[in-house]
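Notes follow once the structure below has been shown.
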Amino acid sequence: MNFSEVFKQSNQLCKVSPDGKYLATCVQYRLVVRDVSTLQILQLYTCLDQISHMDWSSDSLFILCAMYKRGLVQVWSMEQPDWHCKIDEGSIGLVSSRWSPDGRHILNTTEFHLRVTVWSLCTKAVSYIKYPKVCQKGADFSRDGCYMALAERRDCKDYVSVFVCDDWHLLRHFETETQDLSGLEWSPNGCVLAVWDSCLEYKVLLYSLDGRLLSAYSAYDWSLGVKSVTWSPSSQFLAIGSYDEKVRILNHITWKKITQFEHVASINSTKAVVYKEVEKRTAVGSDDLSLHNITIGTTLFNTQSKYEICPPPVQIPVVKPDPDRANPKIGVSTLAFSSDSRYLATKNDNMASVVWVWDMQKMSLVAVLQQTSAVRCFQWDPRRPRLALCTGNTKLYLWSPAGCVSVQVPAEGGLQVQSLSWHCSGDSLILLGKEQLCLCYMDQEDK
Amino acid sequence: MGEWWTTGPIGTSVGNYEISNISHVTMSPSRQNNLASMYSSLPLSYNVLGAFCTEDNIPQCVSYINQELDALGLSTCIEASTPRAAGLNSVPALNAMYELMQIHRRHMSSLEELEREQLKKSSTLDHVQMNNSRLKDQLELSMREKSGLHETERQLQLKIKTLQSCLKTEKDEVQKLQSIIASRASQYSHDAKRKEREAAKLKERLSQLLVDRKDKKLAIDVLNCLGRSDGKRSHWRTAKATVGHEGEMYKSLLNDYEASQRTLVLENAELKKVLQQMKKEMIHILSPRKPSPRGATADDSQEQANSDGEEKAGDCSRETLDQSCEHAREQLANSIRQQWRKLRNHMEKLDSQASLVQTQLECNQELILRETHEDEMERMRREVQQCKEFIHAQQQLLQQQLNTSFDDETAALLNDCYTLEEKERLKEEWRLFEEQKINFERERKNFTEAAIRLGREKKAFEEDRASWLKNQFLNMTPFTDRRRCSSSDGQSALSIKSEPEMRMSSTKTPLVKSSTYTPFSTPKPSLSATVPSTTELYRSLRLMPDSSSSRHSNRGRWQESSSIEDGDVGVKSKNRVRSGDLSIFSLGEDENSLA
């Protein structure tokens, strides 16, 4: 495992192009594009103000830089460095900007969610979509880039509009059976749209592409409901994380619950491996002989692991949420399937320092990673069943079915890893600190 | 008392017993008191009416006494000795007395016993009374307790009543609160809706205003327009386009459904296969056993018939499985269900049997079995332990033997096997060696003969040469000329002589080879007149050590061992052999060169 030198970045704006060739980073009002393999600067663009959002087009030819404060969007071309495009939303303001899947349209959401403006880079045409809903995830493009589903609110009722991205033709418009729609997400095969209600009511609705209601699922009433929803890459499972600290898995045939994963404070299962991160200070030799210290690192990454395997009855620290405050820190907020749909990683908010890994074949808990501090971010390798996570310290943690390692990021001054993202090849990892970033290259021979 | 009893009869026998009796009665009231019970049987009117018997009424008395005695069941009858006299026939009278006394004594003893018994009875009575009183106390206590419990129960019931009323009020409260919540929720949702509507209106107005204002800033500034990512030109929105979109959507949906259907069909087929196999196995399991456990009853025979039918049905369903029509599926499912039921019944039966057997075993054997098992286990463990110890000891001994130098016996023992092998080998080698030796001898003989002949020849040659030189000397007049000539001659002679040597050195390896393979089968040298001299031979022999090393390695092992066995002899013989075959060879060569 090798690390690159540290580069500057701001606002944690750093993205690898979808083709995996370029690395774009924002430093204040400058946009720097590097070659991923050599890390040499290929292009340098200067924007009009501090960049608040940056994104690559799907064909890796253009980069969008949004300056929300100024209501501006600037687009840069990789092929023609002198080509430029500036979109001004004017006094109506801008809160969100994104590419359409074809990479030739930009969708801007204005302040107060008054409308969504669709700008065409081909024809300079502009079209508006009214009544977009202010919610957790109000719009989603299907994986193949054909359709966009947009949540709308009209007359105190929730609607979903399905657009054909090709020419922004409204394909379907239907009312949903939600009290207060909170999010929607296409299945990876693009044929089913999952829609969920706000946390006040546990309700997940599944709509077909043509607007038919396929199924509705509700686990319980009278309690805070859905917190997160994720499709498995195979479209086979729909995982629903909720405020009752459980993940429910629905199947794609009957849309009924297959199983539920509970995040209990004491783990008694002997099948699950509990890795506990132990910070070693001066005393190297652990006094507790019952704990088995694993040292896979010596062969895999040449760094000693600081994980210890805890024998079954393990008590996990639980933080009791304040019941009087809104959005209590409890329940499953993050869900992520591995690229092969084999594993599911979850995080329960009142056990913030723990990541749970579930096996989707055995439908059971495989591993529990108990960190010393709260987990900030975790992401699966896009190619292998390998999970990278960070906890805001100078270490990078990796889990794979073979074991678990923690790696010290050898950056000068200590890079406090706030966030991370995999390169699409799975060979490298971008580690983002507060003001810096660093690339981490995986050894090729390890799995 | 005994005294009195002994004196009694004496008094009576004296005859004036009535007096003595009276005197007894009167004189010793204490005694009379003591014996009150005794006299109670006698008429108390003794003293009152006067004497029982007087002089006048003896016969009456006697008859009376006789009657009394008869009544008592004593047969002895007292008779007056003389009808007139007052005396009595003493024997029967004494007998009767004695009898009476006996009776009396018996009565006394029984009386005593009865007294004792009574005492006992009274004591038990006391005890029972005590008990009774105690029990009465207890009863009272428990009664009190009971009343206390009644009291608490009453209190508890009261409490329950109050709690129930409490609960009711609480429930009411909950109801009220729920209704409040519901009303609040409705109020909230109403308000929220109102706010939302307002917000929507505001948004509408805002956007309207923004549109009306013709916001100049709202603009896109592109250097030059881009082509579409798919390279096509953008097209107008037409009805056709919308139809196309619909079509595409349905196509993708259809594709998805087809894909899912395909996977489902695959899965279904797999499951059907499993089901079929399960059914087959079930039939297989069930069919042979049916006759044996359930043979007799009519019910069973019917079942059997059923199962036959099912089997047919199963086969039929198997045939139609591929068609996967509803009918076949139903049939299959039904037959499976039936088979399964049968299997379950069978299993249950087996289970019950097993449990029965087990219970039987449990009641008589299990404990013993376990004990025996444990004993056996213990024994085996001990055995294993012993074996381990034994092995350990053996190992230790072996180690000791290895560590300390071999003592003679073991050394001999160990050596024996080696020496035996060695001996065998040596014997073999010895035999070979003997054979060789014979060959050598033969060769040697040949050689000596050849040498002798050579000597003779040489001698002849020398003579010839001398004569030739003489002739030359005589013929040649200038000395130098003659000299040169002789030297050249010498050279030529020398060259002739040295030729085999050179050949030897050049053809060392083939020679070795030949020597190894044909040491004994070399053709006998046919000696000609031009054989080299012995000196030549020796010289050639002197060459031998150089080639000997390579020859050594190439020679068989037996030769080496033989050389070790009898050093100089072997060497000698070898040398001889070598010289022999060398000579033979060189001779041959010479012949060739000469020829």
- Among the listed pairs A:Lys227/B:Lys203; A:Lys8/A:Lys133; B:Lys272/B:Lys349; A:Lys137/B:Lys201; A:Lys15/B:Lys251; A:Lys86/A:Lys157, those beyond 25 Å (Cα-Cα): A:Lys227/B:Lys203; A:Lys8/A:Lys133; B:Lys272/B:Lys349; A:Lys15/B:Lys251; A:Lys86/A:Lys157
- Message: So, taking all protein chains as they sit and a 1.4 Å probe, how much accessible area belongs to A:Thr270, in Å² rounded to tens?
- Response: 110
- Would you grab the residues whose amide H sits under 5 Å from the one on A:Ser364? Only those 5+ places off in sequence or on another chain, please, with H modelled 1.01 Å from N. A:Asp359
- Computed FRET efficiency, Cβ-Cβ of A:Lys362 and A:Gln408, R0 30 Å: what is it to the nearest 0.05? 0.35
- Task: Apply the Kirkwood formula to chain A: the hydrodynamic radius equals the inverse of the mean of 1/r over all pairs of different alpha-carbon atoms; give it in Å with one decimal.
- Result: 23.4
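Return one whole number: the accessible area per residue of chain A in Å², for a 1.4 Å probe.
Numbers: 18380 Å² over 447 residues.
Computed with neighbouring chains in place, this is 41 Å² per residue.
Given a cut-off of 22 Å, what percent of all Cα-Cα pairs of the range A:1-128 lie beyond it? Walk me through the intermediate numbers first.
Numbers: 2705 of 8128 pairs.
Of all Cα-Cα distances in the range A:1-128, 33 percent exceed 22 Å.
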- Karplus ³J(HN,Hα) for the range B:129-137 (6.51 cos²θ - 1.76 cosθ + 1.60, θ = phi - 60°; Hz, whole; x = Gly/Pro) runs 5, 4, 4, 4, 5, 4, 4, 4, 4
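Rounded to the nearest 100 Å², what's the accessible area chains B and A bury against each other, both chains counted, probe 1.4 Å? Let's see the in-between values first.
On the way: alone 47910 and 20320 Å², together 64200 Å².
Between B and A, the summed buried area is about 4000 Å².
If you take each beta carbon of peptide A:82-89 and count the beta carbons of other chains within 10 angstrom, what is the mean? Before the final figure, lay out the partial values.
Values: counts 1, 4, 3, 7, 5, 5, 7, 5.
Going residue by residue through A:82-89 and averaging, the value is 5.
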- Note on the structure: In the range A:124-167, the residues losing 50 Å² or more of accessible area (1.4 Å probe, heavy atoms of protein chains only) relative to their chain alone are A:Lys124, A:Cys156, A:Asp166, A:Asp167
- With all protein chains present, chain A has a carbon and sulfur share of its accessible area (1.4 Å probe) in percent of 49
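With charges only on Cβ, +1 for K and R and -1 for D and E, what is the dipole size of the range A:131-262 about its Cα centre, in debye, rounded to 20? Present the calculation step by step, with values, prior to reporting the outcome.
Values: 14 positive and 18 negative charges, 44 e Å.
My answer is approximately 200 debye.
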- What accessible surface, in Å², does a 1.4 Å probe find on B:Leu163, ignoring ligands, DNA and RNA and rounding to the nearest 10? 100
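Pulled fully out, how much extra length does the chain show between B:Ser142 and B:Ile103, if you take 0.36 nm times their separation in residues and subtract their Cα-Cα distance? Show your work: numbers first, answer last.
Values: separation 39, 0.36 × 39 = 14.04 nm, distance 5.66 nm.
Result: 8.4 nm gained on full extension.
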- Item | Förster radius 22 Å - calculated FRET efficiency between A:Phe174 and B:Val243 (Cβ-Cβ, nearest 0.05) | 0.70
- Task: Using protein chains only (no ligands, no nucleic acids) and a 1.4 Å probe, work out which residues of the range A:202-238 have their accessible area cut by at least 30 Å² relative to the chain alone.
- Result: A:Leu209, A:Asp210
- Ranking B:Cys387, A:Cys404, A:Cys310 from most to least accessible area with a 1.4 Å probe gives B:Cys387, A:Cys310, A:Cys404
- Determine how large the accessible area of B:His245 is when every protein chain is in place; take a 1.4 Å probe and give Å² rounded to the nearest 10. 20
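Hey, if we sort B:Arg205, A:Arg248 by accessible area with the 1.4 Å probe, largest down, what's the order?
Values: B:Arg205 160, A:Arg248 15 Å².
Solvent-accessible surface, decreasing: B:Arg205, A:Arg248.
The values are calculated or read from the model by the stated rules, or taken from the named source; none is laboratory data. The model shown is predicted, which means the values in this text are computed figures rather than measured ones. Methodologically, a virtual Cβ is constructed for each residue, glycine included, from the backbone with ideal geometry; neighbour enumeration extends over all protein chains shown. Note: areas computed on protein heavy atoms with side chains; ligands, DNA, RNA excluded. Shrake-Rupley method; radii C 1.70, N 1.55, O 1.52, S 1.80 Å.
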